[in-house]
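The values are calculated or read from the model by the stated rules, or taken from the named source; none is laboratory data. Since the model is a prediction, treat every value here as computed from it, not as a measurement. So basically every Cβ, Gly included, is an ideal-geometry build from the backbone, and we count neighbours across all protein chains shown.
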Amino acid sequence: MATQIALGFYIAYNFMATLTSLAAGRMSDSLGRVPVLAAGVAAFLLAYLGFALGSVPLAVAFVVAGVGIGCIETAEHAAEASLAPQEYRGSVFGLLAAGGIAGLLWTVLSPGVAFSYLAAWMVVALIGFVSSRAPTGGRP
């Protein structure tokens, strides 16, 4: 039964990511990458807090995380390529692989600590996107 529930959560996550990515792609082309990334980061923040605090049903947190990944995977690489200074682009792309820290925190401390860590980074990212001076129309 637990396996079926887990598969259901995973299907809901991917289904929501797929639906969201269609709308996020259009929004990214018309509004720019930054607003789409900010929306994805905000969704992840809510999902991570839900996972960390157990404040919402698990299925809801998975669906909200699906919205987050649908937005972020749609716009992140285009935004990084256009927003990062040329000399730092490799480093910026490398930061995408830095999620291993969360896995370490999960293993060594607890899932709650790992999701709290991720939620804190989503706050930092959201503040950065909201305060960004990138143009909102067209590309970045």
**OP:** Could you grab me the full set of residues in region 93-140 that are part of a helix (DSSP H, G or I), over 15 Å from Ile72 (Cα atoms) and modelled with pLDDT under 75?
**Re:** Gly94, Ala98, Gly100
Original post:
Filtering region 104-126 down to residues that are under 14 Å from the mean Cα position of the chain (by Cα) and β-branched (Val, Ile, Thr), which residue is farthest from Ala39 (Cα to Cα)?
Top reply: Val124
Subject >> Per-region count, region 1-27, residues closer than 21 Å to Glu80 by Cβ, of a type in the set (S, T, N, Q) and either out of contact with any Ser or Thr (no Cβ under 6 Å at 6 or more places or on another chain) or not in a helix (DSSP H, G or I) (or both) >> reply: 1
Original post:
Do we find that Leu46 is touching a Cys at 6+ places or on another chain (Cβ under 9 Å), assigned to a helix (DSSP H, G or I) and under 27 Å from Ala78 (Cβ atoms) in this structure?
Top reply: no
Original post:
Do you know which residues across region 83-92 are at pLDDT 75 or above and surrounded by 15 or more Cβ atoms within 10 Å (Cβ to Cβ)?
Top reply: none
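For (1) out of contact with any Gly (no Cβ under 8 Å at 6 or more places or on another chain); (2) among the β-branched types (Val, Ile, Thr), each residue gets a yes or a no:
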position: Phe44; (1), (2): no, no
position: Gly50; (1), (2): yes, no
position: Val56; (1), (2): no, yes
position: Val60; (1), (2): no, yes
position: Ala65; (1), (2): yes, no
position: Gly68; (1), (2): no, no
position: Cys71; (1), (2): no, no
position: Glu80; (1), (2): yes, no
Subject >> Inter-residue pairs, beta-carbon under 9 Å, first touching a residue at least 12 places away in the same chain (Cβ under 8 Å) and in region 108-122, second among the polar types (S, T, N, Q), 6+ apart >> reply: Ala114/Thr107
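So is Val108 out of contact with any His (no Cβ under 8 Å at 6 or more places or on another chain) and either within 24 Å of Ser131 (Cβ to Cβ) or basic (Lys, Arg) (or both) or not? Full working, then the answer.
On the way: out of contact with any His (no Cβ under 8 Å at 6 or more places or on another chain): yes; either within 24 Å of Ser131 (Cβ to Cβ) or basic (Lys, Arg) (or both): no.
Criteria not met by Val108.
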Original post:
Would you say Ala78 is crowded, with 20+ Cβ neighbours inside 10 Å and assigned to a helix (DSSP H, G or I)?
Top reply: no
Original post:
Conditions: (1) over 22 Å from Ile5 (Cβ atoms); (2) at pLDDT 75 or above. Glu80 meets all but one. Number of the miss?
Top reply: (2)
Original post:
Can you name the residue in region 1-52 that is polar (S, T, N, Q) and surrounded by 18 or more Cβ atoms within 10 Å (Cβ to Cβ) and, of all such residues, is farthest from Cys71 (Cα to Cα)?
Top reply: Ser28
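Any idea which of Leu7, Leu31, Leu58, Leu46 is out of contact with any helix residue (DSSP H, G or I) (no Cβ under 9 Å at 6 or more places or on another chain) and closer than 28 Å to Leu109 by Cβ?
On the way: Leu31 fails: closer than 28 Å to Leu109 by Cβ; Leu58 fails: out of contact with any helix residue (DSSP H, G or I) (no Cβ under 9 Å at 6 or more places or on another chain); Leu46 fails: out of contact with any helix residue (DSSP H, G or I) (no Cβ under 9 Å at 6 or more places or on another chain).
Just one listed residue meets the conditions, Leu7.
Being over 28 Å from Ser82 (Cα atoms) and assigned to a helix (DSSP H, G or I) is the filter here, so list the residues in region 49-70 that pass it. Steps first, answer last, please.
First, pick out the residues of region 49-70 that are over 28 Å from Ser82 (Cα atoms): 49-63.
Leu49, Gly50, Phe51, Ala52, Leu53, Leu58, Ala59, Val60, Ala61, Phe62, Val63 - these are the residues of region 49-70 that are over 28 Å from Ser82 (Cα atoms) and assigned to a helix (DSSP H, G or I).
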